[in-house]
1. Based on other C-beta atoms within 10 Å, arrange Phe261, Phe34 from fewest to most.
2. What order do you get for His58, His246, His102 when you list them from fewest to most C-beta neighbours inside 10 Å?
3. Quick check: pseudo-label points 7 Å beyond the Cα along Cα→Cβ at Ala51 and Val209, how many nm apart are they?
4. Between Ala381 and Ser70, what is the spin-label point distance in nm, taking each point 7 Å from the Cα along the Cα→C-beta axis?
5. First select every other residue whose beta carbon is under 10 angstrom from the beta carbon of Thr186; then total the charges, Lys and Arg +1, Asp and Glu -1.
6. Under 19 Å Cα to Cα from Lys134, which aspartates and glutamates show up? Leave out anything in the same chain fewer than 8 places away.
7. Cut-off 18 Å, label point 7 angstrom out along Cα-to-Cβ of Ala221: give me the residues of the range 289-328 whose amide nitrogen falls inside.
8. What ranking of Val251, Val31, Val278 emerges when the number of other C-beta atoms within 10 Å of each C-beta is taken as an exposure proxy, fewest first?
Amino acid sequence: MVPVGPQVLRSTPSVSDRDDAVEALRILHVVPYFPPDRVGGVGEVAAHVHAELLRRGHDSRVLTSGRTQSDPRVLRTGRTPDGFVLTSPLKVNMTRWADVLHVHHGEALGLLAAMKILRIQAPILLTLHASPAKIGRSLRAYHLGQLTISGEPGLLRRTVVTRVRQAMDRAAMVLANQTTFIARSTAVDYLGDEQAELSTTIYNGLPEVADKPSRMSAHPAPVELLYVGSYSVRKRVQALPIVLEHVRRKVPGARLRIVGFEPTERPEFMHLARVHGVHDAIVSPGVLRSEDIAPYYRAAQVLLVPSAYEGLPMVIMEAMQNGLPCVATRVSGHPEIIEDEKTGFLTPLDNPSAMAEAAVRILCEPSLAERVGAAGREAIAKQFALGRQVERYLDVYRTLAVRLPT
């Protein structure tokens, strides 16, 4: 049984005590990476929450890694997440300022240990986004039909890193006053089904769609299929040429746009595309910033998400917010965002033909595409809005920050 830390700092305050709490809170986010130095994932979630807290009048600051020093509220230490692990304890005095430390994953373990040694009593909220153990398993070799795809290189190093990160997360859970998860599936990954039922899940949220043009003023040509993400065994990008081949049998001329990596720089990917006869049907603008991707969602008809493991992927939420139907694997947090055949489609892992079949349904049935797109947009507005996410975090912050009279 894994301890998750006490639920509050001292005793649980009453509702009236919480109502009397200081309204403007000082929140220090401790996160291993943060935009613009690295786009996506944990850093992007923390950035959304940080910005919304500032908008609401709270004093939010960030301790992270990287080189960009343009924002005085964002202090960077260590150039990389690994450097952050080593240097963040040197910033321990920052924690004295905060009403609550909001820590994202266990890379801050050294900082938390330093607080313990110095008896700094700032309450700690730990949020876990994805299981390192599950990520590690998703990097192994796998099969697409008769095709065997090699796992990520460096098996020994990956194994060591995975175990260290998992141990850091679990140690941080012990030191934190409360632990939350960004998806119920993530809670299950760490705690198992029984304990997960007792845990707190706070889903990631998106800000409302801004009707302002991209910095790039992009007006991409329409395409049928879209993939947004990095090149990784975990992301199962090798399935994309196979899916595209199957789709083109029913929808001749269908094209796939890839945002997140340049296919021509991946010889093994392009070889697979040539084998399946779709190399000339794949286009890509390369790697883009998050704020520049919206036009590409709007220019596509189906988003493909073939991943083997995710936490609660922002890419699915962003696509749905833009009314783009998604076809994703039935893994990790995907079923918590997508209601199958209502707000999107879920297919088995490593089954390109099933993914293609769902995509063809959307492409060939305009009324279905319109209905699923509208339902997805509504689901994001109701269940995955940034305001809803921040309200729930504020409830936790206020509970942790209350100091009852002694």
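Only the coordinates and a few stated rules stand behind these numbers; no lab work does. Source: prediction; values computed, not measured. We place every Cβ from the backbone using ideal geometry, glycine too, and count neighbours over all the protein chains shown.
1. Details: Phe261 19, Phe34 26.
Starting with the residue having the fewest Cβ neighbours, the order is Phe261, Phe34.
2. Listing His58, His246, His102 from fewest to most nearby Cβ atoms yields His58, His246, His102.
3. Computed distance between label sites Ala51 and Val209 equals 1.6 nm.
4. For Ala381 paired with Ser70, the spin-label model returns 3.2 nm.
5. -1
6. Glu107, Glu152, Asp169, Asp189, Asp193, Glu194, Glu310, Glu336, Asp350
7. Within reach of a label on Ala221, which here means backbone N under 18 Å from a point 7 Å along Cα→Cβ, the range 289-328 contributes 295-302.
8. Val251, Val278, Val31
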